[in-house]
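The values are calculated or read from the model by the stated rules, or taken from the named source; none is laboratory data. All values reported here derive from a predicted model rather than from experimental measurement. Cβ sites come from the backbone with ideal geometry, for glycine too, and all protein chains shown count toward neighbours.
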Amino acid sequence: MRVLVTGGAGFIGSHVCDRLLKEGNQVVVVDNLVTGSLENIAHLAGRSDFSFIKHDVSNFIFIPGKVDVVLHLASPASPNPASPYGYPQLPIQTLKVGALGTHNALGVARAHNARFLLASTSEVYGDPEVHPQSEDYYGHVDPVGPRSVYDEAKRFAESITMAYHRYHGLDTRIIRIFNTYGPRMRLDDGRVVPNFICQALNREPLTIYGEGLQTRSFCYVDDLVDGLFRCLMADDHLPVNLGNPVEMTVRQLAEAVNRLTGNGAGLTFLPDQRAPADPQRRQPDIRRAREWLQWEPQIDLDTGLRRTIEDFRARL
Ligand code: NAD
Ligand code: UDP
């Protein structure tokens, strides 16, 4: 298959490219590098089955040659307002890539009669009132809040994807990704795993926003990529949650990172840094992925963190 990967120079996108190429597919990456990096795909440069186009997918996308599959992953993804790579500092780009970028990517899929997969997010559930979150929960999102540029863009993206499926008969998939981490995350992306690992390797205290009692569920990237492939090959058009159901507090995550790195600098609590709309609890209900895709994560937190720490150590 010849596969277009938007956002393929990003963290998850570059792992998706590796897997596609390993399985004998041809890959075309379109990425404007707003949050991604050529370093993530440098090892693929020069291959005859791989090409890279630097382009903002919020503008019309032209791909010469055939396209069998479109994987639409392009979007800023970090909520941290202190990071230049977080969507709070890229609000218009984030809205545009979720709306116009998704429209353009769907247009490519329709023009080539290709299968289309949207990388959506657990953020469509907002600060959830239902726990754990299953796909039939509509969410609790403030349409004008600080996270809305991302949340509402992704909700629109899901909606237009379903419209292309229902109205144009396009063969679509939607995955709702929960916190995913692993090698190649930007060191300065501002999300909790890169922040904690960088701080720990620099022997600094880990910055806990608030009291650290908010929860997340962390999925290692190889598990996520496996779920994405299973979803692509299955026949279901409704959204599927992909994430690790093991829920923990941010404080427990920090303690694990300090333990695995041998960092003795402890924790520092920053109550003012906690964003007002920061979800208090988040855990995927993955029954649908288990039943429809026979998928569940295989890599436990310690194993995933160890691999990520090694990658960060080599880049710091
Ligand atoms: P990332 O920032 O590493 O990757 C996103 C990529 O998209 C980057 O390479 C960036 O340059 C590119 N991009 C952004 N806007 C673009 C545009 N207008 N045109 C072309 N390229 C553009 O982030 P990631 O964590 O790898 O996220 C990948 C996808 O998965 C995103 O759609 C994100 O919303 C989704 N997601 C990720 C997580 C997670 O925990 N990592 C959770 C939920 C959803
Ligand atoms: N967080 C933290 N310290 C940091 C970065 C993040 O305590 O240095 C918290 C953040 O407030 C949130 C959780 O960790 O409650 C996860 O944040 P992240 O930015 O990774 O993404 P989110 O899950 O909120 O989309």
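At a glance:
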{"item": "Strands (runs of 3 or more DSSP E) completely within region 1-71 that count 2 or more residues being under 18 Å from the mean Cα position of the chain (by Cα), crowded, with 21+ Cβ neighbours inside 10 Å and away from ligand 2 (no atom under 16 Å from the Cβ)", "result": "2-6, 26-31"}
{"item": "Among residues of region 215-235, those that are within 19 Å of Gly10 (Cα to Cα) and assigned to a strand (DSSP E or B), counted", "result": "2"}
{"item": "Selection status of Gly212, assigned to a loop (DSSP other than H, G, I, E, B), at pLDDT below 95 and more than 30 Å from His112 (Cβ to Cβ)", "result": "no"}
{"item": "The listed residue being within 9 Å of ligand 1 (Cβ to nearest atom), at pLDDT 95 or above and in a loop (DSSP other than H, G, I, E, B), out of Pro84, Pro76", "result": "Pro76"}
{"item": "Residues of region 146-165 that turn out to be without any contact (Cβ under 8 Å) to a residue 12 or more places away in the chain and within 12 Å of ligand 1 (Cβ to nearest atom), as a count", "result": "0"}
{"item": "Unique match (being touching a Ser or Thr at 6+ places or on another chain (Cβ under 9 Å), in contact (Cβ under 8 Å) with a residue 40 or more places away in the chain, farther than 28 Å from Ser148 by Cβ and of a type outside the set (Asp, Glu)) among Pro183, Pro279", "result": "Pro183"}
{"item": "Matching entry among Val240, Val257 (being surrounded by 16 or more Cβ atoms within 10 Å (Cβ to Cβ) and farther than 23 Å from Ser134 by Cα)", "result": "Val257"}
{"item": "Residues (within 11 Å of ligand 1 (Cβ to nearest atom) and outside any loop (DSSP other than H, G, I, E, B)) located in region 176-196", "result": "Arg176, Ile177, Thr180, Tyr181, Val192, Val193, Pro194"}
{"item": "Boolean, Tyr137 is closer than 19 Å to Ala289 by Cβ, of a type outside the set (A, V, I, L, M, F, W, C) and out of contact with any strand residue (DSSP E or B) (no Cβ under 9 Å at 6 or more places or on another chain)", "result": "yes"}
{"item": "Among residues of region 236-264, those that are away from ligand 1 (no atom under 14 Å from the Cβ) and in a helix (DSSP H, G or I), counted", "result": "11"}
{"item": "Condition met for Val130 (out of contact with any helix residue (DSSP H, G or I) (no Cβ under 9 Å at 6 or more places or on another chain), more than 11 Å from ligand 2 (Cβ to nearest atom) and not in a strand (DSSP E or B))", "result": "yes"}
